[in-house]
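> Would you mind keeping the following structure in view while I ask a few things?
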Amino acid sequence: MSLNPQLTADGRLQHLLTIEGLPPHILFQILDTAKTFEQVAQQEIKKVPILQGKSIFNLFFEASTRTRTTFEIAAKRLSADVINLNVSASSQSKGETLLDTVDNLCAMQADMFVVRHAESGAAHLIAAHVGPGIHVINAGDGRHAHPTQALLDMYTIRHYKQQFHTLKVAIVGDVLHSRVARSQIHALTTLKVPEVRVIGPKTLIPRHVEQLGVQVFHDMNSGLRDVDVVIMLRLQNERMNGALLPSRDEYFKYYGLTPAKLACAKADAIVMHPGPMNRGVEIDSEVADGVQSVILKQVTFGIAVRMAVMSILAGERGRKPS
């Protein structure tokens, strides 16, 4: 029996809940599979019949536009039947428990759940509850994890930089509250990126984050020096308790990415952001719209990556490499 609840006994992906603990070959399998699906977007009819007859439920208990929409597009391009649960009008608002809601949807022959929830561990709870033929994808849980965002970020990095083993990557901003940052750090270290840096004010950097294999910087110019990839993070105002910043203007002055600060990185460095962006807070518009920005390409690649995850979970492309 597999010790990792995300994997089957023979090492195939059963659920995608977190990057942490996944072996490198699973990450590369997803990235390689996504490459094949990138071509689907170029076709006149943007559909393949891989998940025809499968029912995928999007359970978004937390607001999202970009993630929910790309999951829906990905599932429809795989020919799945997609059901978006209107949580505000669902039985949850009437007092039904999360697992009772899931049980009722399983009774409707659900094959896969895509779950976003404000509570850390919600997707894990559902995965432990459902039967063996049902798959769960974590689309973001509390401060904990956002694995498909990290995977599409890795796909973007590989697209532009080809290899991981020579790179210096900087993650900038509100690392403390960011589930994206945690998943990115686990992905980058699993893929053997030799130097991962986190940059931000002391109030927004987790204690002991160095134990995850990263270097900590509090000065942008020093932290960005000679990096190949700059990943900006959104200020997670909705998850902050108390005043951790003097002001947004002050934050932008020291940690907003401007052309002058970006000049410290390598000349061919790429700039990423998981979105949504706060222009003039985390990033200057001149950088966000500039030649080094690959932010919109991240969104495009996200569809192919989420197609890959769904197809692998459904067993269509899920065989462990020999």
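The values are calculated or read from the model by the stated rules, or taken from the named source; none is laboratory data. None of these values were measured; they are calculated from a predicted model. All Cβ positions, glycine included, derive from the backbone under ideal geometry; neighbour counts span all protein chains shown. SASA here: full protein model, heavy atoms, side chains in, ligands and nucleic acids out. Shrake-Rupley method; radii C 1.70, N 1.55, O 1.52, S 1.80 Å.
> Restricting attention to the range 1-60, which residues are charged (D, E, K, R) and in contact with a His (Cβ under 8 Å, 6 or more places away or on another chain)?
Scanning the range 1-60 gives a single hit, Glu20.
> Another question about this same structure. Looking at the range 249-277, which of the residues that are outside any loop (DSSP other than H, G, I, E, B) and within 25 Å of the chain's Cα centre (by Cα) is modelled with the lowest pLDDT? Reasoning before the result, please.
Keep residues of the range 249-277 that are outside any loop (DSSP other than H, G, I, E, B), which gives 249-255, 257, 259-262, 270-272.
Pick out the ones that are also within 25 Å of the chain's Cα centre (by Cα) and you get 251-252, 255, 257, 262, 270-272.
On the way: Tyr251: 90, Phe252: 93, Tyr255: 95, Leu257: 98, Leu262: 98, Ile270: 98, Val271: 98, Met272: 98.
Only one residue tops the list, namely Tyr251.
> Same structure again: Quick check on the range 278-308: of everything there that is over 23 Å from Gly200 (Cβ atoms) and not in a helix (DSSP H, G or I), which residue is nearest to the chain's Cα centre (by Cα)?
Within the range 278-308, the match that is nearest to the chain's Cα centre (by Cα) is Asp289.
> Report every pair of residues separated by at least 6 positions or lying on different chains whose Cβ atoms are under 8 Å apart, first residue within the range 104-132 and open to solvent by less than 20 Å² (accessible area, probe 1.4 Å), second β-branched (Val, Ile, Thr) and assigned to a loop (DSSP other than H, G, I, E, B).
If the second residue must be β-branched (Val, Ile, Thr) and assigned to a loop (DSSP other than H, G, I, E, B), the pairs left are Ala110/Ile134; Met112/Ile134; Phe113/Val130; Phe113/Ile134.
> Within the group Lys76, Lys47, which residue is open to solvent by 60 Å² or more (accessible area, probe 1.4 Å) and part of a helix (DSSP H, G or I)?
Details: Lys47 fails: part of a helix (DSSP H, G or I).
Sole residue among the options that is open to solvent by 60 Å² or more (accessible area, probe 1.4 Å) and part of a helix (DSSP H, G or I): Lys76.
> Test Arg68 against the criterion of being in contact (Cβ under 8 Å) with a residue 40 or more places away in the chain, crowded, with 17+ Cβ neighbours inside 10 Å and out of contact with any helix residue (DSSP H, G or I) (no Cβ under 7 Å at 6 or more places or on another chain), and give yes or no.
Yes, satisfied.
> Pairs under 8 Å by beta carbon, first residue assigned to a helix (DSSP H, G or I) in the range 6-30, partner crowded, with 23+ Cβ neighbours inside 10 Å and among the small types (Gly, Ala, Ser), six or more apart or different chains?
That search, which allows pairs on different chains as well, returns Leu27/Ala187; Ile30/Ala308.
> What number of residues within the range 183-238 are of a type in the set (Asp, Glu), part of a helix (DSSP H, G or I) and either at pLDDT 95 or above or open to solvent by less than 20 Å² (accessible area, probe 1.4 Å) (or both)? Reasoning before the result, please.
Step one: of the range 183-238, the residues of a type in the set (Asp, Glu) are 195, 210, 219, 226, 228, 238.
Keeping just the survivors that are part of a helix (DSSP H, G or I) gives 210, 238.
Then drop every residue that is not either at pLDDT 95 or above or open to solvent by less than 20 Å² (accessible area, probe 1.4 Å) (or both), which leaves 210.
Qualifying residue count, the range 183-238: 1.
> Of everything in the range 156-182, what is open to solvent by less than 10 Å² (accessible area, probe 1.4 Å) and either within 18 Å of Lys297 (Cα to Cα) or in a strand (DSSP E or B) (or both)? Give them in sequence order.
Thr156, Ile157, Val169, Ala170, Ile171, Val172
> What pairs can you find where one residue is in the range 279-297 and within 17 Å of Ala263 (Cβ to Cβ), the other is among the basic types (Lys, Arg), and their Cβ atoms are less than 7 Å apart, with a gap of 6+ or different chains?
Ser285/Arg279; Ala288/Arg279
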